[in-house]
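To keep things clear, I will list the structure first and then write my remarks on it.
The values are calculated or read from the model by the stated rules, or taken from the named source; none is laboratory data. Keep in mind that what you see is a predicted model, and the values were worked out from it rather than measured. Counting neighbours? That spans all protein chains shown, and the Cβs are built from the backbone with ideal geometry, glycine included. To get the accessible areas, we keep the full protein, side chains included, count just its heavy atoms, and leave off ligands, DNA and RNA. Shrake-Rupley method; radii C 1.70, N 1.55, O 1.52, S 1.80 Å.
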Amino acid sequence: MLSLYDTVSRKKVPLHPLRPGRVGVYTCGPTVYRYVHIGNLRTYLLTDLLLRAVRFAGLTPFSVQNITDMGHMHEEALERTEDKVIAAARAAGKTAREIAEFFTGAFFRDCRRMNFLPSDVYPRASAHVPEMIAVAKELERKGATYGEGGYLYFDVTKAKGYGELSGTILGKGEAAGRTDGSIHRRKRRPEDFSLWLAAEPGREFSWESPWGVGWPGWHIECAAMAGKYLGPEFDIHVGGADLRFPHHENSRAMAMTATGGRFASLWVHAAHLTVDGRKMSKSLKNEYTLDDLEARGVDPMDFRYHCLTLHYRTPMNFTWEAQAASRKALARLREAFAARGGEGTSPGTGSGAGEVRRRFREAILDDLNAPKALAVVHEAARSGFPGDTLQALAGEWDEVLGIGLPVAAPGNARVESARPEEVAPGEVGDLARLRDRCRREGRYAEADALREKISEAGYDVLDRKGEPARLKKR
C-alpha cells in the first residue's frame with residue numbers, strides 16, 4: 001500500500017482512496033507570466049512521481065493541475081494596481097492574455113522535456129471565475145465574509161481548524177499579505193484575505209459580480225477549480241513547501257468552510273530548491289530554466305535524475321558540480337542496462353530478480369523514496385542478471401522513474417532508450433487528453449473523431465495499454 005507524508009498530521013499515512021481504485025490529485029500549477037524555473041520543475045516532478053507510483057500500486061489517478069493565466073495579484077502589489085502578468089505584457093507590447101498563452105505553451109513544452117505524465121485536466125483560472133464567484137457567495141451566505149466598496153474578505157476566525165496545515169496561530173503568525181496599503185484598512189485582522197477585489201480603471205482582466213466589477217483573489221482560484229473537477233473531498237493536494245502559507249492554508253480554510261467537506265485528505269509538499277546555497281532570484285542571476293541547463297550541456301532527463309537522487313521532502317541545493325555528477329551516473333546506468341540488452345533467455349526470472357523487485361516496490365510505496373529505489377536499480381545493473389531479466393526490470397522500473405532506461409523492443413535485440421516521444425503543444429495536446437478521457441468512458445465514436453483532428457494537425461497517436469496516448473509529429 002502506498003503511504004505518503006501528510007503535512008497536516010505531520011506523519012506518513014496510508015493512502016485509502018475515497019473512491020475505490022481511483023485517486024484524485026490536485027496540483028498547484030504555474031502562474032504563466034514567465035518561464036518556469038528548476039525549482040518549479042522539482043515540485044511538478046513530485047506530482048509526476050506520485051502519479052506513476054499510484055499506477056504502480058494498481059490504482060488509477062485522476063490528475064488536475066491549474067493554470068493561473070489571468071495573473072494573481074499578490075496583496076503587496078495592490079498599491080501599484082498591477083499584477084505580474086499585466087506588467088510583463090506591457091513590457092512586451094502584448095496583451096496579458098497573449099503573453100499568458102505564450103508562457104502556457106512554454107510550460108507544456110518543459111513538462112514534455114521532463115517526461116511528465118500529462119494531467120487529465122488543466123483548468124485555466126480565467127475560464128473558472130463563475131465557479132470562484134459561487135464559492136464566495138456560499139461563504140457570504142454562511143456569514144464567513146465581510147467587505148464594502150467592491151471588496152470582499154474571508155474572516156479566518158470562521159474557519160474550523162485554521163492553522164492546522166501550516167502551524168500558523170491566529171494573532172501570532174505572519175499575515176496573509178502586507179496590510180500597510182490603504183486598500184487593506186478595511187481588513188479586520190492581518191490573516192484575513194481577499195475573495196474579491198474591485199477592478200481599477202483599464203484593468204484587462206475583470207468580471208461582473210454581486211460585489212461589482214472586479215476580479216477574484218488568488219487563494220479562491222484553487223479552491224474553486226479543485227472543487228469543480230474533484231468534488232468537495234478528494235485524495236491528495238500537491239504543491240511546493242513555499243505554498244503552505246498563506247496559499248494552501250487559505251485555500252483549505254475557505255473550501256472546508258464553504259462545503260463542510262474535508263477538501264484534500266492528504267497534503268504533500270516538495271521541499272525548497274536553492275542554487276549554490278542561495279534562494280533563486282533574478283537579481284542573483286541564478287533563476288535557472290531548462291533552457292539554461294541545456295545551454296550548459298545538461299539534458300532535462302539528467303536534471304530529472306538529479307532530482308530523484310534526493311527525497312522530495314529533502315531541501316535540494318543545486319550546484320553545477322552535483323548536476324554533472326548525476327549526469328555521469330545516469331549515463332553509466334544506461335550503459336550498464338544497454339550492455340547486455342538482448343542477452344539471456346528468461347525474461348524477469350534471473351536469480352535474485354524477485355528480491356530486487358520487492359525492494360524497489362517497498363522503496364517507492366514508502367513515501368516515494370526515489371533515492372532508495374535508485375540504489376536498487378544501480379545494484380541490479382551491477383548484478384550480473386541475464387540480459388532479458390535486466391531488460392524486464394528496466395521496463396518495469398522506468399515506468400515509475402521515467403529516466404529513460406534503455407529497453408529492448410519486442411522481438412528485437414537492439415536496445416532503445418525509453419525517452420518520451422515528441423508531442424504536440426497547446427490545443428493538440430488538449431485534444432489528445434480529451435480523447436483519452438473519451439476512451440476511458442467508452443465514447444469511442446468521439447475518440448475516433450478527435451483522433452482525426454489530431455491527424456489533421458500533423459500528429460500520429462500512439463496508444464499504449466493502460467497509459468495515456470502519446471503523440472508523434474509526422
Worksheet item: So who's got an amide H within less than 5 Å of the one on residue 312, skipping anything under 5 residues away but keeping other chains? H placed 1.01 Å off N, in plane.
Response: 370
Discussion item. For residue 358, what accessible surface area do you get with a 1.4 Å probe? Give it in Å², rounded to 10.
Written reply: 100 Å²
Item to complete: Step through the residues of segment 216-228 one at a time and calculate ³J(HN,Hα) from phi using the Karplus curve (6.51 cos²θ - 1.76 cosθ + 1.60, θ = phi - 60°), rounding each to whole Hz and writing x for Gly and Pro.
Response: x, x, 4, 5, 6, 4, 5, 4, 6, 6, 4, x, 5
Discussion item. Give the lysines whose C-alpha is closer than 16 Å to that of residue 137, dropping any in the same chain fewer than 8 places away, or say none.
Written reply: 158, 228
Practice prompt. Quote the accessible area belonging to residue 456 in square angstrom, nearest 10, computed with a 1.4 Å probe and with ligands, DNA and RNA left uncounted.
Written response: 150 Å²
Discussion item. Taking every alpha carbon pair in segment 1-51, what does the distance histogram look like in 5 angstrom bins from 0, in percent?
Written reply: 4, 15, 20, 23, 18, 10, 7, 3
Worksheet item: How big is the antiparallel share of DSSP beta bridges in the chain, given as a percent to the nearest 5?
Response: 50 percent
Worksheet entry | Paramagnetic reach from residue 92 (point 7 Å along Cα→Cβ, amide N under 18 Å) across segment 201-244 | 204-205
Worksheet entry | Value of [θ]222 nm, deg cm²/dmol, for the chain, DSSP H segments ≥ 4, -39500 (n - 2.57) each, nearest 500 | -12500 deg cm²/dmol
Discussion item. How much accessible area per residue does segment 222-284 have, counting only protein heavy atoms and a probe of 1.4 Å, in square angstrom?
Written reply: 35 Å²
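Tell me the carbon and sulfur percent of the accessible area for segment 104-159, rounded to whole percent, probe radius 1.4 Å.
Numbers: 950 of 1980 Å².
About 48 percent, which is the carbon plus sulfur part of the accessible surface.
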Fill in: For percent of Cα pairs over 36 Å apart, calculated from these coordinates, the label among (i) 32; (ii) 58; (iii) 43
(i)
Worksheet item: Where the centre of each part is set by its Cα atoms, how far does segment 83-151 sit from segment 210-240, in angstrom?
Response: 10 Å
Fill in: Accessible surface of segment 211-279 [probe 1.4 Å, protein heavy atoms]: carbon and sulfur percent
50 percent
Worksheet item: How about residue 472: which lysines have a C-alpha closer than 26 Å to its C-alpha, ignoring those fewer than 8 places off in the same chain?
Response: 453
Worksheet item: Whose amide H sits under 5 Å from the amide H of residue 6, counting only residues 5 or more places off or on another chain, with H placed in the peptide plane?
Response: 11, 12, 13
Fill in: Among 276-287, 147-158, the order from most to least packed when residues are scored by Cβ within 10 Å on average
147-158, 276-287
Response to the item:
The long-range amide H neighbours of residue 205, using H built 1.01 Å from N in the peptide plane and a cut-off of under 5 Å, are none
Worksheet, complete the sentence: Karplus-derived 3J(HN,Hα) from phi for segment 252-262 (6.51 cos²θ - 1.76 cosθ + 1.60, θ = phi - 60°), whole Hz, x at Gly and Pro, runs 4, 4, 6, 5, 5, 5, 5, 9, x, x, 8
Fill in: Candidates per trypsin sites (Lys or Arg not before Pro) in segment 30-74, loop by DSSP, up to 11 other Cβ within 10 Å
none
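Beyond 27 Å, what percent of the Cα pairs of segment 1-160 remain?
Numbers: 5314 of 12720 pairs.
Here the long-distance tail beyond 27 Å is 42 percent of all Cα pairs in segment 1-160.
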Discussion item. If I ignore ligands, DNA and RNA and count only protein heavy atoms, how much of residue 328 is accessible to a 1.4 Å probe, in Å² to the nearest 10?
Written reply: 130 Å²
Worksheet entry | Kirkwood Rh, angstrom, segment 207-281 [1 / mean 1/r, Cα pairs] | 14.0 Å
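Based on the Cβ-Cβ distance from residue 213 to residue 170, what FRET efficiency comes out when R0 is 35 Å, to the nearest 0.05?
Values: r = 32 Å, r/R0 = 0.92.
For residue 213 and residue 170, the calculated efficiency is 0.65.
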